[in-house]
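The values are calculated or read from the model by the stated rules, or taken from the named source; none is laboratory data. The model shown is predicted, which means the values in this text are computed figures rather than measured ones. Methodologically, a virtual Cβ is constructed for each residue, glycine included, from the backbone with ideal geometry; neighbour enumeration extends over all protein chains shown. Calculation scope for accessible area: heavy atoms of the full protein, side chains included, ligands and nucleic acids excluded. Shrake-Rupley method; radii C 1.70, N 1.55, O 1.52, S 1.80 Å.
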Amino acid sequence: MNPHVPVMLSEILDILELHVAKDRAALFIDATLGGGGHSFAILEKYPNMHLVGFDQDECARKLAGERLVEFGDRVRIVGENFSEMPDFLSDSEKQEGACGVLFDLGVSNMQLTTPERGFSYQNDGPLDMRMNTSSDLFRAVDIVREYDERELTRIFRDYGEERHAFAIARSIVRARASGNVPATSMELTSLIRKTLPAPVQRKMGTHPARRVFQALRIAVNSELDVIPRGLLGAYEVTRGGGVIIVISYHSLEDRIVKRTFRSWADENYGHMLIRKPTLPTDAERESNRSSRSAKLRAFILNDIKEDYRGSGGTLR
Ligand SMILES: C[S@@+](CC[C@H](N)C(=O)[O-])C[C@H]1O[C@@H](n2cnc3c(N)ncnc32)[C@H](O)[C@@H]1O
């Protein structure tokens, strides 16, 4: 298991510097605690801050708990999906309101490099891919085993932007008919390799299984569905003048974040910090592979906060 290096940390600290007073008590919410890397740096820099961290992954919560132990009762860890954020803050936390919420979307290095979790096409393991392993969600292997050709094609195309979605879906259904359902990451990778002709694989510019693995992971964890609800929850729990920061790792996530922030700006809830997303520096991209596709967007709420529920909001 490889440790997770927090992505675009100095950019996040710079944003907080502009919007969070160092000497005032404040609440910060880390919606995706992971290994606790961002949270650690934020708590260290702001001694009067307390933090609520969400993660649906039990191993992540354990790791983060160990990493953040020195901050004692300044940290509260919640084992829930960030889409339910407002329901898991105490009355006093809600009343205080967060000065900021951070979403660092997707999976952590810890998840990717633990073969038993099945997230990676580079390590062999069972095709699981659930972030919340205590849930009775479908695992990736259930999707591969049970979805029909049309559904598989839709998932690979819509969640993986895989151009060869249909060919791969057809191969899976054929393998199933002959009793060879891929049940591990290497079995699925090798089926994809056998399906796509060598020149096609060479032209893909990436590992031939990358997009299918991304698609399955998004489908298993409903990753795109929870983002709009998570962002609205963050708006609800952030106080006027606070900031919502999102790091996304592929265009499907970024599109949702961009559209949401634009519609909030149109409704006059606040403004985007900058219109274009911030990208990692070349040095960070070199030293931390996980940062390569990262895009950071931030939204600053107006000092006087509108109630989006009064203007057609959709959370409740
Ligand atoms: C990229 S990692 C975060 C890394 C963290 N910022 C750090 O510095 O260590 C994303 C984490 O968010 C968690 N996660 C992803 N989607 C989630 C959701 N909808 N609700 C709760 N946790 C989620 C994953 O389990 C993973 O641990």
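Some observations on this one:
- Residue list for region 192-217, filter: of a type outside the set (Gly, Ala, Ser) and open to solvent by 50 Å² or more (accessible area, probe 1.4 Å): 193, 194, 197, 199, 202, 203, 210, 211
- Verdict on residue 17 being away from the ligand (no atom under 14 Å from the Cβ) and assigned to a helix (DSSP H, G or I): yes
- So residue 5, is it in contact with a Gly (Cβ under 7 Å, 6 or more places away or on another chain), more than 12 Å from the ligand (Cβ to nearest atom) and of a type in the set (A, V, I, L, M): no
- On the stretch given as region 274-309, residues that are in contact (Cβ under 8 Å) with a residue 60 or more places away in the chain, of a type in the set (Asp, Glu) and more than 12 Å from residue 8 (Cα to Cα) total 1.
- Counted as qualifying within region 218-309 are the strands (runs of 3 or more DSSP E) with 2 or more residues that are more than 15 Å from the ligand (Cβ to nearest atom) and open to solvent by 20 Å² or more (accessible area, probe 1.4 Å), namely 238-248, 270-272.
- Within region 96-110, residues that are outside any helix (DSSP H, G or I) and of a type in the set (D, E, K, R) reach partners that are more than 6 Å from the ligand (Cβ to nearest atom) and open to solvent by less than 10 Å² (accessible area, probe 1.4 Å) with beta carbons closer than 7 Å, at six or more positions or on different chains, in the pairs 104/7; 104/247.
- Qualifying residue in region 120-128 (condition: under 28 Å from residue 260 (Cα atoms) and surrounded by fewer than 20 Cβ atoms within 10 Å (Cβ to Cβ)): no
- Restricting region 85-114 to residues that are among the hydrophobic types (A, V, I, L, M, F, W, C) and at pLDDT below 95, the residue that is most open to solvent (accessible area, probe 1.4 Å): 112
- Residue satisfying condition, being over 17 Å from the mean Cα position of the chain (by Cα), in a helix (DSSP H, G or I), over 24 Å from residue 231 (Cα atoms) and of a type in the set (Phe, Trp, Tyr), within set 71, 40: 71
- Members of region 1-13 found to be over 19 Å from residue 238 (Cα atoms), open to solvent by less than 100 Å² (accessible area, probe 1.4 Å) and out of contact with any Asp or Glu (no Cβ under 8 Å at 6 or more places or on another chain), listed by number: 2, 4, 5, 9, 10, 11
- Taking the criterion of being acidic (Asp, Glu) and within 12 Å of the ligand (Cβ to nearest atom), the residues of region 56-83 that qualify are 57, 58, 80.
Conditions tested, residue by residue: (1) assigned to a helix (DSSP H, G or I); (2) within 16 Å of the ligand (Cβ to nearest atom).
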{"position": "132", "(1), (2)": "no, yes"}
{"position": "135", "(1), (2)": "no, yes"}
{"position": "150", "(1), (2)": "yes, no"}
{"position": "162", "(1), (2)": "no, no"}
{"position": "174", "(1), (2)": "yes, no"}
{"position": "181", "(1), (2)": "no, no"}
{"position": "187", "(1), (2)": "yes, no"}
{"position": "190", "(1), (2)": "yes, no"}
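- Some residue of region 158-166 being modelled with pLDDT of 95 or more and either hydrophobic (A, V, I, L, M, F, W, C) or within 23 Å of residue 3 (Cβ to Cβ) (or both): yes
- Residue match in region 20-37 (condition: surrounded by fewer than 21 Cβ atoms within 10 Å (Cβ to Cβ) and either at positive phi or without any contact (Cβ under 8 Å) to a residue 12 or more places away in the chain (or both)): yes
- As a summary of the residue check, residue 203 satisfies the conditions (1) in contact with a His (Cβ under 9 Å, 6 or more places away or on another chain); (2) farther than 26 Å from residue 89 by Cα except for the one numbered (1).
- Residue tally, condition more than 12 Å from the ligand (Cβ to nearest atom) and touching a Ser or Thr at 6+ places or on another chain (Cβ under 9 Å), over region 20-41: 1
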